[in-house]
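For reference, the structure is listed below as structure tokens.
The values are calculated or read from the model by the stated rules, or taken from the named source; none is laboratory data. Predicted, not measured: the structure shown is a model, and the values here were computed from it. Heads up, the Cβs are rebuilt from the backbone with ideal geometry, glycines too, and the neighbour counts pull from every protein chain shown. What goes into the accessible areas is simple: the full protein's heavy atoms, side chains included, and nothing from ligands, DNA or RNA. Shrake-Rupley method; radii C 1.70, N 1.55, O 1.52, S 1.80 Å.
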Amino acid sequence: MSGLIGKHVPVSADNPSILRLEDRCVDCGHCLAACAESIGPARRWLDGAPFSCINCGQCVAVCPEQALVVKPQIEQVKAAIRDPQKIVVFSTSPSVRVALGDAFGFPPGAFVEGEMVSALRALGADYVFDVTFSADLTILEEGTELLRRVLSGDGVLPQFTSCCPAWVKYVETFHPELIPHISTAKSPISMQGAAIKTYLAQKKGLDPRRIVSVAVAPCTAKKFEITRPEFDSAGRALGIPGLRDNDYVLTTREISQWMQEDGLALDRLFASDFDGPMGRGSGAGVIFGNTGGVMEAALRMAYSALTGEDPGGPLLRFEPVRGLSDFKHAEVTVADKTIRVAVVYGTEAAERYLPDLMQYHFVEVMTCPGGCISGAGQPIRNVTPVEDSLREARIASLYQADQEGGMKASLDNPEIQAVYRDFLTAPMGELSEQLLHTSYYKRDA
Ligand code: SF4
């Protein structure tokens, strides 16, 4: 890193994810090292190319001076809570429940799902839903897309996952030739927002214009994702100009800071359940936060779709795609169809393995090391970078929740069965395409 000391990543004033506080920066170079060594854009910038931030925030996670911070949105959410005309809906990503406890002295990886739900209600949420519901929805949509590509014989392969907005932006900026390979399925939080303002509003008789959708995520890139101009699909479907699918993203760290300011101690809260009808996810949805989790969830779905039977045995604990290695791969044969899969994290690793990755059917790419469990919006424990033991504890905690839960596959989720029966009709059907899928475009570097 010595060549990087004296420099810092450039952060533009309109960056939706990251703020740089000039007076705190000591030009130690940690931010540049994180971006150049595991993420990628800074490496190109140091070689003379323009700088293009992909909003992953890993520079924030490693800054020892807190000169780089997550761009906050707490005040906007508090204002919505104070407004009696607004209905404020929080939806929590899988990884938040295994990291929020860090800020309150819980052991690494402590599973605090129920306490987290109570905390969000105490902060003023009208409803608290679970993004694991939309992780299941993502698997149905993305898995159906994969099977169509594989079974048609002429689909564009490999299919890359689309749930990491930093990876999607990386492809749009640096590898536009790969855009046809990215699944058109939106990320879970973007599916969740679109479903809240359409399906939930209809089911509960709410005016979608009154709903404020707040995603609670481990991720700084989600703050960028919700600003994508095309992520107003609920508004377009309902004929309400200006209605966004999601309104705000708060990171785990913002939630913990807000709780501390309000004197809410996590260990003094009783556990409570999510609200329905978007408050339940299968184990497949829960493991989305781990590197390899999306892939394992998709394989469970593919098995059910191709055989008509529940996945069992190895697919419920699919070791070849588990663990902290930055490249994993496997071959699975289901109903005489062999599917080759690979899992990578870090866009630098994706770049390094790219020629190999093109040989697979389905490739999961997450930007953060170990997946969303170590997103840059998670609590910081004053250790730079985040230790592997902490990542492993969070990963183990999500796998344990999957193991102990009743539903293993996305298709088993009764709330998912209901949303297709009562509203969407079918994966990749007309309404699903309208609300849950998107398109991508080449960006200037
Ligand atoms: Fe966000 Fe997860 Fe991607 Fe990290 S890996 S940028 S937390 S979606």
GNM flexibility winner over the chain from ASP326, ASP356, ASP232 (Cα, springs under 10 Å): ASP356
Exposure ranking of ASP207, ASP273, ASP402, ASP336 by accessible area [1.4 Å probe, largest first]: ASP336, ASP273, ASP207, ASP402
Charge tally in the Cβ shell below 15 Å around PRO84, where Lys, Arg are +1 and Asp, Glu are -1, PRO84 excluded: +2
TRP167 - accessible surface, heavy atoms, 1.4 Å probe, Å² rounded to 10: 10 Å²
Relative contact order (%) - criterion: Cα under 8 Å, at least six apart; region: the chain: 23 percent
Among LYS71, LYS204, LYS223, residue whose mean-square fluctuation peaks in a GNM of the chain (springs only between Cα atoms under 10 Å): LYS204
Cys with no candidate disulfide partner in the chain (beta-carbon separation under 4.7 Å rule): CYS25, CYS28, CYS35, CYS53, CYS56, CYS63, CYS163, CYS164, CYS219, CYS368, CYS372
Exposure of VAL341 as accessible area (Å², to 10), given a probe of 1.4 Å and all protein chains: 0 Å²
Area of THR184 that stays accessible when all protein chains are in place (1.4 Å probe, Å², to 10): 40 Å²
Rounded percent of accessible protein surface that carbon and sulfur make up, the range 316-445, 1.4 Å probe: 49 percent
Where ASP23, ASP310 fall by accessible area, highest first, once all protein chains stay in place (1.4 Å): ASP23, ASP310
Surface per residue (accessible, 1.4 Å probe) for the chain, Å²: 37 Å²
Among THR220, THR338, THR198: highest mean-square fluctuation, GNM of the chain, C-alpha pairs under 10 Å: THR338
Listed pairs LYS197/LYS223; LYS197/LYS222; LYS222/LYS328 exceeding 22 Å between Cα atoms: LYS222/LYS328
Accessible-area composition of the range 2-70, carbon plus sulfur, in percent [1.4 Å probe]: 52 percent
The range 327-445 - Rg (one decimal) and Dmax (whole number), Cα, Å: 18.4, 50
Percent carbon-and-sulfur accessible area, the range 227-285, ignoring ligands, DNA and RNA, probe 1.4 Å: 49 percent
Beta bridges per DSSP with both ends in the chain, % antiparallel, nearest 5: 35 percent
Antiparallel %, DSSP beta bridges [both residues in the range 314-445], to 5: 60 percent
Long-range tail of P(r) for the chain (Cα pairs > 31 Å, %): 35 percent
Packing-based order for 408-417, 12-21, using average beta carbon neighbours within 10 Å, highest first: 408-417, 12-21
